[in-house]
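As structure tokens, the structure follows; a few thoughts come after it.
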Amino acid sequence: MNTTKIHLIISCLFIFNFLSCNQKKEQKIETTSIAQTEIKLDLLELQAKNKLGKDTVVTIINDPVYHKVKKYNAVSASLLIQNEIDLTKIDPKNSKIVFECIDGYKPEMPLELFLNARPYLAFQDVDAPKGSKWEVIIKDGNEMNAEPFYIVYPSVSEKDTRYKWPYNLVKIYLEPLNKSTLELFPLKNKKLQSGYTLFKNQCITCHSINGIGGTMGPELNYPKSVTEYWKEKELVDYIVNPASFRNKAKMPTLGITKQQSQQIVDYLKYMSENKKKI
């Protein structure tokens, strides 16, 4: 074998190794990036390890759950997140925080909005009856428990619907802001966007579509869409006023019009043709 051929083989091997190494690096960077976009904090686990942070007493002037002045033993939720997650590796403007509650309630909000609101993670109700950690919550005639954690905001109005006040909280997730949008947006029929927006704002915290959303209420799309076994008119009326169909209905009155309810149902009918196995 002559010298020219030897040099050619060596050059090819060098190029192959260089490309392979770079491809591995790119794959590692891509994997790391994906891992960093979806992060979970188990609050009970952090509490057991004494990693929640320094506790203090916070006062909520008009608590939206108890509807009165309340005091809580709490820790700074924003400091807790900053201590447990390297926020320099994610983009708060394009991320959201998702709250997972024991009862299946799963609200979410933009991460940047949450961090800037000075939120607190309450772990005990100062006003609770002697021998109890929490005062019982009465909602629509049902007794509910705030334990183990409750997100509160001393400086936010209870009327500002952008902020979520989840109680019965156990886990926190950080996810890409558009994660559910990519899966649930009606790309094939953008005329249904208003129904999608209503579903996202009013329904997804309790109900899921194709496994995306809360589990407090039933899954609405898989294996059968709710639109496949409810009469359409009755479904529209039920969404407007659940109590007119069921005694002590767990589903609250959403305060939406019949026209808005119809838009939600039209969107659900669209999603019934876009099922994904859970």
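The values are calculated or read from the model by the stated rules, or taken from the named source; none is laboratory data. No experiment lies behind these values; they were computed from the predicted model shown. Counting neighbours? That spans all protein chains shown, and the Cβs are built from the backbone with ideal geometry, glycine included. Surface areas here come from the heavy atoms of the whole protein model, side chains and all, with no ligands, DNA or RNA. Shrake-Rupley method; radii C 1.70, N 1.55, O 1.52, S 1.80 Å.
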Checklist entry - Taking strands (runs of 3 or more DSSP E) that fall entirely within the stretch 41-126, which contain at least 2 residues that are open to solvent by less than 80 Å² (accessible area, probe 1.4 Å) and small (Gly, Ala, Ser)? => result 70-76
Checklist entry - Of all residues in the stretch 257-278, which are of a type in the set (A, V, I, L, M) and over 22 Å from the mean Cα position of the chain (by Cα)? => result Val265
Checklist entry - If only one of Ser225, Ser132 is over 13 Å from Glu108 (Cα atoms), exposed (fewer than 15 other Cβ atoms within 10 Å of the Cβ) and of a type in the set (Ser, Thr, Tyr), which one is it? => result Ser132
Checklist outcome for this item: Those residues of the stretch 112-146 which are among the aliphatic types (A, V, I, L, M) and in contact with a strand residue (DSSP E or B) (Cβ under 6 Å, 6 or more places away or on another chain) amount to Leu121, Ala122, Val126, Val136, Ile137, Met144, Ala146
Checklist entry - Restricting attention to the stretch 196-217, does a residue exist that is farther than 28 Å from Lys40 by Cβ and either at pLDDT 90 or above or open to solvent by 50 Å² or more (accessible area, probe 1.4 Å) (or both)? => result yes
Checklist entry - How many residues does the stretch 186-234 contain that are small (Gly, Ala, Ser) and either more than 16 Å from Met251 (Cβ to Cβ) or touching a helix residue (DSSP H, G or I) at 6+ places or on another chain (Cβ under 7 Å) (or both)? => result 4
Item to check | Test: Ile278 is of a type in the set (A, V, I, L, M), open to solvent by 30 Å² or more (accessible area, probe 1.4 Å) and either outside any helix (DSSP H, G or I) or in contact with a Cys (Cβ under 7 Å, 6 or more places away or on another chain) (or both) | outcome: yes
